[in-house]
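The values are calculated or read from the model by the stated rules, or taken from the named source; none is laboratory data. Values in this document were obtained by computation on a predicted structure and should not be read as measured data. Cβ sites come from the backbone with ideal geometry, for glycine too, and all protein chains shown count toward neighbours. Just the protein is used for accessible areas: all its heavy atoms, side chains included, with ligands, DNA and RNA removed. Shrake-Rupley method; radii C 1.70, N 1.55, O 1.52, S 1.80 Å.
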Amino acid sequence: MARTRSRWCDGGRARVSGLAAAMVALCLAPAPARSQDDDADAACRALFSPSAVSECRLAVGAARVIQPRLAAALFAGNAVPGTASTLGMRLGTLPRMTLVVQVNAAPSELPPILDRSDARGERALLWGFTADAAVGLLAGFSPMPTVGGVLSLDLIGRAGYVPLPGKEGFHDGGAWGWSLGARLGALRESFTLPGIALTGSYGRIARTAFGDPSAATTDAFFEGAMSDLRVDLAATKRLGLVGVTGGVVYDRYASDLTAGFRESFGGPQLRVDGTAVHTRWSGYVNAAWTLLIFHASAEAGWQEAPVPSGIPSTVEVDPVGWFGGISFRISI
């Protein structure tokens, strides 16, 4: 029995070490170029008329502004609100679990593609409602007293919904999203040390339309589903009665866009299809209060918010980056 357990542990540690190397490689990999030289931008630049190129890049740029804010409303900040420590085990090989409900807020700039007689964007506040679950898979090991959770591993799943305001120009009523990932522990929080972990995840946000794809009521539109590759490095430490967590996040968004636009007022609508890729850095801080197995957490953060290249100089777009949320968590 001892030999069997030893082989299982050795194999488990080998698998965890391999996963650790893969996640670190993903985190340290060079970021893609920010030139927006992707399929959607290339499709716009291939158009013959300069005015068509300008209006096309405005429609695609609107997607680059709005889509990261949808992701922020759904999945911004800490994957497990209130902590960066992995969950570990309760008794022997019995895993710990945590369940979370969360409400997020993320304002977004809405570029003026609906009515091209207007050159100024508007703001809308996006609300995200999410449910998260995490389970401890491997407890890791303790190389010395008070140092634990090294190469521990949790599995994390998230699902959420953003009710999109139709009066602001969104066409489909709401956006659904999901995410699956793993949290790799470097340290578990103790009396002397902070908890530190690296989280990698992949998510999808269902097809969303801004503007009218039928061209009946708006001058331009975009629609498309989006994927999100995400890496989050976080640390947590209890300070008195409050646990404080901070983290840095890198997101790579890719969306299969269809964008429609008019070259001139009252003219026919033209369309392009392509993949738009955009990346964002963000940072956040949590403050959490704990009572036995119950945790209440408040979060605030900032997401990088550049003006996409190609936006006409006559159009006023001022992307916004802040986000925030509250969450309630049960750990068992």
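Inspect the range 89-101 for any residue being on the phi < 0 side of the Ramachandran plot and surrounded by 24 or more Cβ atoms within 10 Å (Cβ to Cβ) and give the result as yes or no. Don't jump to the end; show me each part of the working.
Of the range 89-101, the ones on the phi < 0 side of the Ramachandran plot are 89-91, 93-101.
Pick out the ones that are also surrounded by 24 or more Cβ atoms within 10 Å (Cβ to Cβ) and you get none.
Among the residues of the range 89-101, not one is on the phi < 0 side of the Ramachandran plot and surrounded by 24 or more Cβ atoms within 10 Å (Cβ to Cβ), which makes the answer no.
This table checks each residue for (1) under 30 Å from THR130 (Cα atoms); (2) open to solvent by 10 Å² or more (accessible area, probe 1.4 Å); (3) in contact (Cβ under 8 Å) with a residue 12 or more places away in the chain.
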site	(1), (2), (3)
SER51	no, yes, yes
CYS56	no, no, yes
LEU74	yes, no, yes
SER85	yes, yes, yes
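Comparison of SER142, SER179, SER214, SER190 shows that the only residue that is touching a helix residue (DSSP H, G or I) at 6+ places or on another chain (Cβ under 8 Å) and among the hydroxyl-bearing types (Ser, Thr, Tyr) is SER179. Given the criteria more than 21 Å from ARG123 (Cα to Cα), open to solvent by 10 Å² or more (accessible area, probe 1.4 Å) and of a type in the set (A, V, I, L, M), does VAL249 qualify? No, not satisfied.
In this structure, is ALA14 assigned to a helix (DSSP H, G or I), modelled with pLDDT under 55, of a type in the set (Gly, Ala, Ser) and surrounded by fewer than 23 Cβ atoms within 10 Å (Cβ to Cβ)? I'd like the intermediate steps shown before the answer.
Working: assigned to a helix (DSSP H, G or I): yes; modelled with pLDDT under 55: yes; of a type in the set (Gly, Ala, Ser): yes; surrounded by fewer than 23 Cβ atoms within 10 Å (Cβ to Cβ): yes.
Judged against the criteria, ALA14 is a match.
Quick one: ARG120 ticks every box in (1) in contact with a helix residue (DSSP H, G or I) (Cβ under 6 Å, 6 or more places away or on another chain); (2) exposed (fewer than 14 other Cβ atoms within 10 Å of the Cβ) bar one, so which box is it? Checking ARG120 against (1) in contact with a helix residue (DSSP H, G or I) (Cβ under 6 Å, 6 or more places away or on another chain); (2) exposed (fewer than 14 other Cβ atoms within 10 Å of the Cβ), the one that fails is (1). Suppose we keep only residues that are part of a strand (DSSP E or B) and free of Cβ contacts under 8 Å to residues at least 60 places away in the same chain within the range 188-204. Which one would you say is most open to solvent (accessible area, probe 1.4 Å)? Result: TYR202. Residues of the range 71-122 that are under 28 Å from SER54 (Cα atoms) and either of a type in the set (Phe, Trp, Tyr) or over 20 Å from the mean Cα position of the chain (by Cα) (or both): PRO111, PRO112, ILE113, LEU114, ASP115, ARG116, SER117, ASP118, ALA119, ARG120, GLY121, GLU122. Residues satisfying the criterion are present in the range 226-243 (criterion: closer than 16 Å to TYR284 by Cα and of a type in the set (S, T, N, Q)). When we screen ILE326, ILE311 for residues that are aliphatic (A, V, I, L, M) and in contact with a strand residue (DSSP E or B) (Cβ under 9 Å, 6 or more places away or on another chain), the only hit is ILE326.
Could we say that LEU137 is touching an Asp or Glu at 6+ places or on another chain (Cβ under 8 Å), surrounded by fewer than 22 Cβ atoms within 10 Å (Cβ to Cβ) and either touching a residue at least 40 places away in the same chain (Cβ under 8 Å) or not in a loop (DSSP other than H, G, I, E, B) (or both) here? Here the answer is yes, as LEU137 does meet what is asked. Among the conditions (1) under 23 Å from GLY211 (Cα atoms); (2) of a type outside the set (Asp, Glu); (3) part of a loop (DSSP other than H, G, I, E, B), LEU126 misses just one, which is (3).
Condition first: of a type in the set (Phe, Trp, Tyr) and crowded, with 19+ Cβ neighbours inside 10 Å. Can you find one or more residues in the range 256-265 that meet it?
Going through the range 256-265, the residues of a type in the set (Phe, Trp, Tyr) turn out to be 261, 265.
The next check asks that each one be crowded, with 19+ Cβ neighbours inside 10 Å; those that pass are 261.
Checking the range 256-265: at least one residue is of a type in the set (Phe, Trp, Tyr) and crowded, with 19+ Cβ neighbours inside 10 Å.
Scanning the range 206-245 for residues that are more than 24 Å from ILE66 (Cα to Cα), under 16 Å from the mean Cα position of the chain (by Cα) and surrounded by fewer than 19 Cβ atoms within 10 Å (Cβ to Cβ) yields a single hit, LEU233. Within the range 158-172, the only residue that satisfies the criterion of being surrounded by fewer than 16 Cβ atoms within 10 Å (Cβ to Cβ) and under 30 Å from ARG183 (Cβ atoms) is PRO163.
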